[in-house]
Amino acid sequence: MPSTRPAGLPGTIRHWIGGEATDSADGRTFDVSDPASNTVYAQASAGGPTDVDRAVAAAKATFPAWSGLSNRARATTLHHIADEVEACHEQLAQFESYDSGLPITQARGQARRAAENFRYFADVIVALGEEAFRQGEEQFSYVVRAPVGVAGLITPWNTPFMLESWKLAPALAAGCTLVLKPAEWTPLSAGLWPRILADAGLPAGVVNIVHGIGEEAGQALVDHPDVPLISFTGSTDTGRHIVRSSAQHLKSTSMELGGKSPAIVFADADLEAALDSVVFGVFSLNGERCTAGSRVLVEWPVYEEFTRRLAERAERVKVGPPSDPATEVGALVHPEHYARVLHYVETGIKEARLAAGGRRPDHLPEGNYLQPTVFADVSRDARIFQEEIFGPVVAIAPYDDEAQAVALANATQYGLAAYIWTSDLKRGHRIAHAVESGMVWINSHNVRDLRTPFGGVKSSGLGREGGAHSIDFYTESKIVHVALGEVHTPRFGAGDPA
Ligand code: NAD
């Protein structure tokens, strides 16, 4: 079923280089379609090395002026950007929902979060101090932070605008200029940045956007010798490839990658709250969420009941057109991704017990729709337990005790998030420390605090962004040592010539 077409949809989405909307040097474009009907509605410029080269040159040219501004001056521009983002929140929500298939009610939260990223990093950079160290009366050392230079930002298609803002805001706050390569399946909302940034007073060339296919435009950015830093959010395989390519120029990289996060439910938990949270955690954002609690581990005494109730809720989740305010799960982003998710559903039917969903809803004969799907009694070596599906599909498994819960939680290559449900807080902390993941929530779903480190361990990523971690990433620290008194220096070559 088609989604309502938003007003003002552009027929073309072009690069933005040096403050100008431009076509690719070779004129190539790629199709952009909406996931509710899979109809092509726009053409986007398909960038390659020549376009990336021009964008990097524009960013390099503006770097001295932008990095030379005071932190306060850059922060003021960031606040203006936040104002502009908020002012177009309804258009942004409609574009995001139409292009990515996110339910409109969930797309509406994205503008607020994107604006908040700019306001937060504006505050961080103004409040930032630099460290100083005193060694008695003899020496004093202080740290000078300098922006790294031209940052390369590469982003995925899930919540694209918000994730772009998550990288743009700290990079700009730190004083970097940059080239952004948005995901090719969802370029529409990135097409709003040029007007937002220009109206906010950001000088031309500070932000440049090159659209295109990952292996072409993204790879050219990763390979560019004048881009010393790559911030990447996307799949683990692509992340590995980018780290390998970045080694050529020894670039700094931040990798926010895939996940298969466990939600661990103990029998003593508030089961109503746990159920609401588990259902929301894996089916919101169409299940296309890096921190989704896509493996639910349940203690035996409540396993059957929890599984039954989770399956009932999944069957009742409203799947529908992304533009319908009643929709809870919309259309998956692209037919290729939809086919991949359906393949996992077929695999799951062979590997485990299908407890809910597993099929296209009858009332939605076309578009990338799937009824939220629950697999029960999933074994730890099943593919649906081990591999990231990135759709509205959840795997449930029982456990006997705390040790087994931790062993199961840690039994995949991933380590992004974990959710623990228990009324025994001592146990909650014990497990939080034992689980191999970058982030843990106890008795809560994914509620973020922008000051906290964000990222994963094992195959879920490298490095942390968020709060001061982001500023560390986009700056180089230089230490300056200053002698305050006499420095004792062994006098080589000053001895008796005989
Ligand atoms: P993807 O890896 O296919 O693509 C991500 C981006 O990388 C796109 O812009 C793509 O064009 C680009 N790209 C692809 N090949 C490239 C190459 N060779 N060189 C440079 N760039 C290249 O990922 P996706 O399918 O768009 O996104 C889904 C994945 O992102 C999931 O695995 C999800 O878990 C992960 N994700 C992680 C986080 C996190 O914070 N950890 C957040 C959101 C999404």
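Key figures for this structure:
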quantity: Among residues of the stretch 64-79, those that are of a type in the set (Ser, Thr, Tyr) and touching a residue at least 60 places away in the same chain (Cβ under 8 Å), counted; calculated: 2
quantity: Members of the stretch 159-206 found to be among the β-branched types (Val, Ile, Thr), closer than 13 Å to residue 95 by Cβ and touching a Ser or Thr at 6+ places or on another chain (Cβ under 6 Å), listed by number; calculated: 186
quantity: Selection from the stretch 20-69 of residues that are out of contact with any Pro (no Cβ under 8 Å at 6 or more places or on another chain) and in a loop (DSSP other than H, G, I, E, B); calculated: 23, 24, 25, 26, 27, 28, 46, 47, 48, 69
quantity: Qualifying strands (runs of 3 or more DSSP E) (wholly inside the stretch 112-160; at least 2 residues being touching a residue at least 24 places away in the same chain (Cβ under 8 Å)); calculated: 139-147, 150-154
quantity: Every pair of residues 6+ apart whose Cβ atoms lie under 8 Å, when the first sits in the stretch 477-497 and is modelled with pLDDT under 95 while the second is in a loop (DSSP other than H, G, I, E, B); calculated: 484/137; 484/138; 485/137; 485/138; 486/138; 487/138
quantity: Whichever residue in the stretch 4-41 is acidic (Asp, Glu) and closer than 24 Å to residue 367 by Cβ and, among such residues, is surrounded by the most Cβ atoms within 10 Å (Cβ to Cβ); calculated: 34
quantity: Given (1) within 16 Å of the ligand (Cβ to nearest atom); (2) touching a Leu at 6+ places or on another chain (Cβ under 9 Å), index of the condition residue 404 fails; calculated: (1)
quantity: Helices (runs of 4 or more DSSP H) wholly inside the stretch 390-480 that include at least 1 residues being outside the structural domain of residue 121 (by TED's automatic domain parsing); calculated: 402-409, 425-434
quantity: Test result for residue 325, away from the ligand (no atom under 16 Å from the Cβ), surrounded by 16 or more Cβ atoms within 10 Å (Cβ to Cβ), modelled with pLDDT of 95 or more and assigned to a loop (DSSP other than H, G, I, E, B); calculated: no
quantity: Count - residues of the stretch 248-275 that are assigned to a loop (DSSP other than H, G, I, E, B), within 16 Å of the ligand (Cβ to nearest atom) and among the aliphatic types (A, V, I, L, M); calculated: 1
quantity: Evaluation of residue 283 against (1) in a helix (DSSP H, G or I); (2) more than 16 Å from the ligand (Cβ to nearest atom); (3) under 25 Å from residue 102 (Cβ atoms) (one fails), failing number; calculated: (2)
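The values are calculated or read from the model by the stated rules, or taken from the named source; none is laboratory data. Here the structure is a predicted model, which is why all the values come from computation and not from measurement. Reconstructed Cβ throughout: ideal geometry from the backbone, glycine too, with neighbour counts over all protein chains shown.
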